[in-house]
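K.L.:
Once you've had a glance at the structure underneath, I'll fire off some questions.
The values are calculated or read from the model by the stated rules, or taken from the named source; none is laboratory data. Model, not experiment: these values are computed from the prediction. A quick note on method: Cβ atoms are made from the backbone with ideal geometry, for glycine too, and the neighbour counts reach across all protein chains shown.
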Amino acid sequence: MAIRYALVLAAFLVFSANNLTGVWTGEMKDAEGGSGAAYLQLTQDGAHITGLTGASKDHTWPIKNAMYGDDRLIFHVTSSGPDSKEKSEWTFDLKVDGDRMTGTAEGRQEDRSWTAELQLTRQK
């Protein structure tokens, strides 16, 4: 019985220590030197992660197919421009280190593609 409680406590501590829930903000830079604000709001319930991402909390899209393991968060987003209906497909691949995330976002729209570097910090 004591072993079972120890295992439950260990699982709880792992999920608590690595819980990604919160608001993360930072910057996104593309290969051509352009940059802009980055916003990520996450909710984690065990292995299930949901959230929104975009340039600000007022300009977001829902994340899809989020996977988190080995301090790496991967998810997909479908976005559209503020003045157009054109959609872009994004894949985010982020390394989590405590209250910081760094990584890439790869975007595609019809026959174009691009990559941007991201740096995010969890807001307290």
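K.L.:
How many of the residues in the range 36-51 are hydrophobic (A, V, I, L, M, F, W, C) and under 19 Å from N18 (Cα atoms)?
P.N.:
Residues that pass the stated criteria total 4.
K.L.:
Can you name the residue in the range 79-97 that is at pLDDT 95 or above and out of contact with any Phe, Trp or Tyr (no Cβ under 6 Å at 6 or more places or on another chain) and, of all such residues, is nearest to E27 (Cα to Cα)?
P.N.:
L94
K.L.:
While we're here: For the range 69-100, what are the residues that are within 12 Å of N18 (Cβ to Cβ) and among the β-branched types (V, I, T)?
P.N.:
The one that is within 12 Å of N18 (Cβ to Cβ) and among the β-branched types (V, I, T): V96.
K.L.:
How do the strands (runs of 3 or more DSSP E) wholly within the range 40-124 filter down when requiring 2 or more residues that are free of Cβ contacts under 8 Å to residues at least 60 places away in the same chain and surrounded by 11 or more Cβ atoms within 10 Å (Cβ to Cβ): which remain?
P.N.:
48-56, 59-69, 72-80, 87-97, 100-109
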